[in-house]
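As structure tokens, the structure follows; a few thoughts come after it.
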There are 4 protein chains.
Amino acid sequence: MIIVLQEQATERDVDAIVGIVREAGLDANVSFGLSRTVIGVIGDPRYLNVARLKEVPSVDRVISITHPYKLADRKERPGTSTVTVGDVTFGGPELVMIAGPCAVESEEQLLSAADYVRKAGAKVLRGGAFKPRTSPYSFQGLGEPGLRILAKARAATGLLIATEVVGEQEVPQVAEYADIIQIGARNMQNFRLLETVGRTGKPVILKRGFGNTVEETLLSAEYVLSQDNKNVILCERGIRTFENYTRNTLDIMSVPTFKCHSHLPVIVDPSHSTGRRELVVYAARAAVAVGADGLLVETHPNPETAQSDGYQAVLPDQFADLMIQVERIARAVGRTFGITVDEAAPGHAG
Amino acid sequence: MIIVLQEQATERDVDAIVGIVREAGLDANVSFGLSRTVIGVIGDPRYLNVARLKEVPSVDRVISITHPYKLADRKERPGTSTVTVGDVTFGGPELVMIAGPCAVESEEQLLSAADYVRKAGAKVLRGGAFKPRTSPYSFQGLGEPGLRILAKARAATGLLIATEVVGEQEVPQVAEYADIIQIGARNMQNFRLLETVGRTGKPVILKRGFGNTVEETLLSAEYVLSQDNKNVILCERGIRTFENYTRNTLDIMSVPTFKCHSHLPVIVDPSHSTGRRELVVYAARAAVAVGADGLLVETHPNPETAQSDGYQAVLPDQFADLMIQVERIARAVGRTFGITVDEAAPGHAG
Amino acid sequence: MIIVLQEQATERDVDAIVGIVREAGLDANVSFGLSRTVIGVIGDPRYLNVARLKEVPSVDRVISITHPYKLADRKERPGTSTVTVGDVTFGGPELVMIAGPCAVESEEQLLSAADYVRKAGAKVLRGGAFKPRTSPYSFQGLGEPGLRILAKARAATGLLIATEVVGEQEVPQVAEYADIIQIGARNMQNFRLLETVGRTGKPVILKRGFGNTVEETLLSAEYVLSQDNKNVILCERGIRTFENYTRNTLDIMSVPTFKCHSHLPVIVDPSHSTGRRELVVYAARAAVAVGADGLLVETHPNPETAQSDGYQAVLPDQFADLMIQVERIARAVGRTFGITVDEAAPGHAG
Amino acid sequence: MIIVLQEQATERDVDAIVGIVREAGLDANVSFGLSRTVIGVIGDPRYLNVARLKEVPSVDRVISITHPYKLADRKERPGTSTVTVGDVTFGGPELVMIAGPCAVESEEQLLSAADYVRKAGAKVLRGGAFKPRTSPYSFQGLGEPGLRILAKARAATGLLIATEVVGEQEVPQVAEYADIIQIGARNMQNFRLLETVGRTGKPVILKRGFGNTVEETLLSAEYVLSQDNKNVILCERGIRTFENYTRNTLDIMSVPTFKCHSHLPVIVDPSHSTGRRELVVYAARAAVAVGADGLLVETHPNPETAQSDGYQAVLPDQFADLMIQVERIARAVGRTFGITVDEAAPGHAG
């Protein structure tokens, strides 16, 4: 951390600042001689009260050199850390496809989805039993019966189960059934939920809030990691901007940005970030092209009967085609979803 | 709700749509004759599955005519509804000043703040015992001891107490001490927390999320209202945009917009929406000028020792001056904070 | 300017940087001793090639301490500079109302508008003869005949004339007729137009682009000012955000922000920043409350016949009422539009 | 276009609206029977005065069904239209790489860049002779001498030349030298410049403004197309959002969105959309993965001496590697840049 003083700063101002720094157990190195005095803070400045420093009248600005997160920081581990669940590993050479309906609606619906996503190459089944809905009048999910249906689908197909938790009190219940717990975008800064989920030790998919920065996402990851739970998978799903053709604006560059700053694996949700079925495959291709470690795709056997977000769910046939398209991109960047595709290049559609 | 079909829609398509509408217990009125068939939905469409309608291949678009919220809707009540707590009323002719430090830090600090804000004309004391912090390494509040200090300040000054709740499990505790419970911006879509707080029956200040729209804010209010808790006060506190001179961009026009659509009282937080002490008074003046029903201002007796957000806390002297300035604006729009000010107009500073 | 080096920087790196700084005719002051070496640049760094500095491998970051603009900088002149046109002064204690239709449509329309805005207290008549339209199929303005109508209205009412210029080639023509030339939001970074208008010496209203920052706006002002034209009036008119209830999001805090950084007078356009007639008066009140030096309001004698943006034009009666409301706010902040209003406070509408 | 009336609309209101529609030479089809009357407009509504319709008191909303652009509309032509310049075609199966420095600085610099980009597979050389700079104090380009250097590079290498035009008056000069004229993001709504460039008949790269929507970009294209110039190439280069890790947020989904609505070819500028050299290759890969027809990449033989934006220019070696990476992605989507690459898949970096 570097503290730049105003031109008119006095020696007394400098002493006051050095005092604050030392109080926090850190050391300060004062550099006179410049037109402005500059004070360098030596040691881990995370616990230093920056607000208080800014109050000293002669402080012009306080510049952070180090990241405010620590456990998620790339410096902690070389390369991408891996999160392994059953026989699936996030962050390794093999990409992971997580797919399924937005919400669990019935046993028939989920088993049907589980069957065709598994055949197409998905390794994890998604489906919400608890749904965080903007309106209290919208379908809120089946609750625990939904969790039981997920467990049946796992038993029937061997797929792992990823499902969202919405409230602190449901965490034990969800943790009992789920292989991977998802924290949704609206709850990314629900810090109590982050801590509670973190304590279960279960792998966590942490979705970036649509109004949140890359740095805030890493700090939310830090809430989970600091519960001694190393199994955090970040998920980009689009941010809010003035452009509203797509439901959100997919911030595709957040993937290499996350990877530049953090060792955590990163997946992309091409469904919420576009909100339009016909665009999902493009977002999925872009995600694999920039280096995502997996995808989280909404698909529904009969979108016309879906209770939520059906219009962004890809159809069974489209899903199988999407798998082939992303596999081709994966191979172009030296990776694979572990499926077989025809090597012949597709023709240009024009 | 109006459903516009594509040009090539067939009679069978129309029948399918009418079927979906009737299944939801509503009626449909089909208008052929246009270049495109248009179907009007008769009845309350809130429970209608719009996603499913959009799936019918010949549907071009579904246009909502009514608001998705109901209890918060202006149509429900003429004028602004009032929320009364003790001898303070939000939404009436008299404006309410809520002021105090970001966080409760000590008895001395809070009593000092309570004393000067009361003298300057505040009616409610704010102060966080539980703080939702972006980083797990930042000061998280004193917890219950902080609540007890708030209660002491109330006993000492007669001010009402407003304080934030961060997690579901803390709701009973916070409700025991607080006169008004605040839900912070980061929790605006923490739906479980909204419901839990709603069930306490306590007045609620609901802060708009920095990534959320006016409509979403009203839908979150609906989560509280639907727990049979009519005491919701909306709070604008700035949104995220590309401009980063201020911490957030104060969306000042949300105040008349909220009032145009809803009967709920609206207050403004000029501190978080600017993030700079020297700008707070301007944001406060703008808020009163556009018709806000109150203000929520951070002030600290010694910002240089503050544990959080000290740089946006106004100083005691500044707070007294701010009260005078906003009172002048209040009178210009036919309202008052209930304080006495010198009638002589101030001079132009240039 | 302060250059912070990376931890592993060598003496050779430092020498390279000092060389670049000196090449630009500036001096450098090196501060070893910190965990990171910091180099302070002495002198005006505007002509220094920052990009080149960032290329030196050991440079971690380059921090600008001074503003990139100079002539617009508050440091250049104490207080607000004034722009005087005829008997009207922007930036003094008296606020200036500029009002009129979006586009000049006919002599009858403009004379009618001129008449009622003058009676209500406006000092300047606005009206576009050249309209920058998003679509080539929209009405583009009357062109020079529109300018002649503006001149007639000036002769008939004594009002000053403000009108927009869209292209470089029209500048001489517009300058011949207009008292004040307006540069629209879409042209704020049309640098050739800025220079061409600057060279006329005419007062310029420079509207902030809806995608531009406060700093960029001041740099565009700098393009005009550097043509030895000191008569620049900044105009806030809203920015683009995710919230789309209003046409744009009025960044009301930009007014005190501009004034904090620059001596230039600042006005607000409450019409484009809201895009809804019923909200214009609220935006106008907020603008005066935060210290704007004037307003730019669209009004039309018969909006239902307007060729452009009629839905945001206030009606004649509404305009007269708006003048009274903003005058009350002006007095509350020690200023005036120079009109007479009933001192009795208005009642609270509820 | 569909006009939805308010519930209380009378027959007289309906007559007024039908009158307005007929005045514009269009026909109206009234549909009573719904809870609200709906009026369908028959014919091309582009010249209809929507603002005036909205003024009719009983109009609730006006819904546009057709696009406001016509010549750029996908309906005009099946597939992607192609723009051919010399032996290069945009919009066909072969992708086009345009590369070169941000600004032409010297003959030596440009010839060096031209040489290595050609060898790596670029078909068009870019380089600015006129630079639109946010600050008047920044390097503004060499002007006409820069154009002559570009012409020399073309003669030496056979590459085509793309260069930006900043002002209307420079158009003839730029058109004389350039094979493709670029209109920069800041000038996307400089409508006079669009028309002037359109009239030259030269191929135009139209960059999306960082504050502009997809629809506005197509309307700006319409300004060029309506000058009977069919050679428009759209260019995505990032938009402004709250996330500022990258210089802009690459709106990668705009590429399939443009293609869904328009037949025009679309390229992507991965340099400005990221602003960081190390991210350029990722943005380029994403662009090809979503179906872009080409790339516009900044590269510089010696970025440390660059006069502008050097930090986002990729180095010669990086450029050659980028070509190989994007070629692999191109093949995965059935296309090619026309270069040879080793078929062996790259290893996963981890």
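The values are calculated or read from the model by the stated rules, or taken from the named source; none is laboratory data. What you see is a predicted model, and the numbers here were worked out from it, not measured in a lab. Here the Cβ is made from the backbone with ideal geometry for all residues, glycine too, and neighbour counts use every protein chain on show.
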**Prompt:** Given the conditions (1) within 14 Å of chain A (Cβ to nearest Cβ); (2) buried (at least 17 other Cβ atoms within 10 Å of the Cβ); (3) out of contact with any helix residue (DSSP H, G or I) (no Cβ under 6 Å at 6 or more places or on another chain); (4) touching a residue at least 40 places away in the same chain (Cβ under 8 Å), and given that C:Arg61 satisfies all but one, which numbered condition is not satisfied?
**Reply:** (2)
**Message:** With the requirement that a residue be among the basic types (Lys, Arg) and not in a helix (DSSP H, G or I), what does the stretch C:181-207 give you?
**Reply:** C:Lys202, C:Lys207
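Would you be able to say whether some residue in the stretch A:243-253 is among the aromatic types (Phe, Trp, Tyr) and free of Cβ contacts under 8 Å to residues at least 24 places away in the same chain?
Yes - at least one qualifying residue is present in the stretch A:243-253.
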**Message:** Taking the condition of being hydrophobic (A, V, I, L, M, F, W, C) and either touching a Phe, Trp or Tyr at 6+ places or on another chain (Cβ under 9 Å) or part of a loop (DSSP other than H, G, I, E, B) (or both), how many residues in the stretch A:1-13 meet it?
**Reply:** 2
**Prompt:** Taking the stretch B:34-48 on its own, how many of its residues are at pLDDT 75 or above and facing another protein chain (nearest Cβ under 7 Å)?
**Reply:** 3
**Request:** Identify the single condition in (1) in contact with a Gly (Cβ under 7 Å, 6 or more places away or on another chain); (2) closer than 25 Å to B:Thr80 by Cα that B:Thr249 does not satisfy, given that it satisfies every other one.
**Result:** (2)
**Item:** Count of the stretch D:71-109 residues which are closer than 30 Å to D:Tyr311 by Cβ, assigned to a strand (DSSP E or B) and free of Cβ contacts under 8 Å to residues at least 12 places away in the same chain
**Value:** 0
**Message:** Which of the numbered conditions does B:Ala16 fail, given that it passes all the others? Conditions: (1) within 14 Å of chain A (Cβ to nearest Cβ); (2) within 34 Å of the chain's Cα centre (by Cα); (3) not in a strand (DSSP E or B).
**Reply:** (2)
**Prompt:** B:Gly143 passes all but one of (1) more than 14 Å from chain A (Cβ to nearest Cβ); (2) surrounded by fewer than 24 Cβ atoms within 10 Å (Cβ to Cβ); which number fails?
**Reply:** (1)
**Message:** Can you find a residue that is in contact with a Lys or Arg (Cβ under 8 Å, 6 or more places away or on another chain), farther than 19 Å from C:Gly238 by Cα and assigned to a loop (DSSP other than H, G, I, E, B) anywhere in the stretch B:257-266?
**Reply:** yes
**Prompt:** Which members of the stretch A:158-187 meet the condition of being in contact with a strand residue (DSSP E or B) (Cβ under 7 Å, 6 or more places away or on another chain) and either of a type in the set (Val, Ile, Thr) or within 14 Å of chain B (Cβ to nearest Cβ) (or both)?
**Reply:** A:Ile161, A:Thr163, A:Glu164, A:Val165, A:Val174, A:Ile180, A:Ile181, A:Ile183, A:Gly184, A:Ala185
**Asked** Restricting attention to the stretch D:113-135, which residues are surrounded by fewer than 23 Cβ atoms within 10 Å (Cβ to Cβ) and over 22 Å from D:Thr340 (Cα atoms)?
**Response** D:Lys131, D:Pro132, D:Arg133, D:Thr134, D:Ser135
**Prompt:** Condition test on D:Ala313, is it crowded, with 20+ Cβ neighbours inside 10 Å and over 20 Å from D:Thr163 (Cβ atoms)?
**Reply:** no
**Prompt:** Do we have D:Arg199 as at pLDDT 95 or above, more than 29 Å from B:Thr241 (Cα to Cα) and either surrounded by fewer than 24 Cβ atoms within 10 Å (Cβ to Cβ) or not β-branched (Val, Ile, Thr) (or both) here?
**Reply:** yes
**Message:** I need a count of the residues in the stretch D:60-84 that are out of contact with any strand residue (DSSP E or B) (no Cβ under 6 Å at 6 or more places or on another chain) and of a type in the set (Val, Ile, Thr).
**Reply:** 4
**Asked** assigned by TED's automatic domain parsing to the domain that holds B:Asp179 and either over 30 Å from B:Thr157 (Cβ atoms) or small (Gly, Ala, Ser) (or both), is that true of B:Ser58?
**Response** no
**Residue ID - farthest from the other protein chains (Cβ to nearest Cβ), chosen from residues in the stretch A:213-223 that are within 12 Å of the chain's Cα centre (by Cα) and free of Cβ contacts under 8 Å to residues at least 40 places away in the same chain** = A:Ser220
**Request:** Being over 26 Å from B:Arg237 (Cα atoms) and either of a type outside the set (A, V, I, L, M, F, W, C) or in contact with an Asp or Glu (Cβ under 9 Å, 6 or more places away or on another chain) (or both) is the filter here, so list the residues in the stretch C:208-231 that pass it.
**Result:** C:Leu218, C:Ser220, C:Glu222, C:Tyr223, C:Val224, C:Ser226, C:Gln227, C:Asp228, C:Asn229, C:Lys230, C:Asn231
**Asked** Within the stretch C:275-284, is there a residue that is within 24 Å of C:Asn231 (Cβ to Cβ), buried (at least 24 other Cβ atoms within 10 Å of the Cβ) and touching a Ser or Thr at 6+ places or on another chain (Cβ under 7 Å)?
**Response** no
**Prompt:** Which of the following residues is in contact (Cβ under 8 Å) with a residue 12 or more places away in the chain and outside any loop (DSSP other than H, G, I, E, B): A:Ser138, A:Ser112?
**Reply:** A:Ser112
**Prompt:** Of all residues in the stretch C:54-75, how many are closer than 25 Å to D:Ala313 by Cα and modelled with pLDDT of 80 or more?
**Reply:** 6
**Message:** Tell me the residue from D:Asn229, D:Asn190 that is surrounded by 24 or more Cβ atoms within 10 Å (Cβ to Cβ) and either within 10 Å of chain C (Cβ to nearest Cβ) or closer than 16 Å to D:Tyr69 by Cα (or both), please.
**Reply:** D:Asn190
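Condition check ((1) surrounded by 24 or more Cβ atoms within 10 Å (Cβ to Cβ); (2) facing chain B (nearest Cβ under 9 Å); (3) farther than 16 Å from B:Pro256 by Cβ) across all residues:
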| site | (1), (2), (3) |
| --- | --- |
| C:Thr246 | no, yes, no |
| C:Thr249 | yes, yes, no |
| C:Ile252 | yes, yes, no |
| C:His263 | no, no, yes |
| C:Ala286 | yes, yes, no |
| C:Ala292 | yes, no, yes |
| C:Thr299 | yes, no, yes |
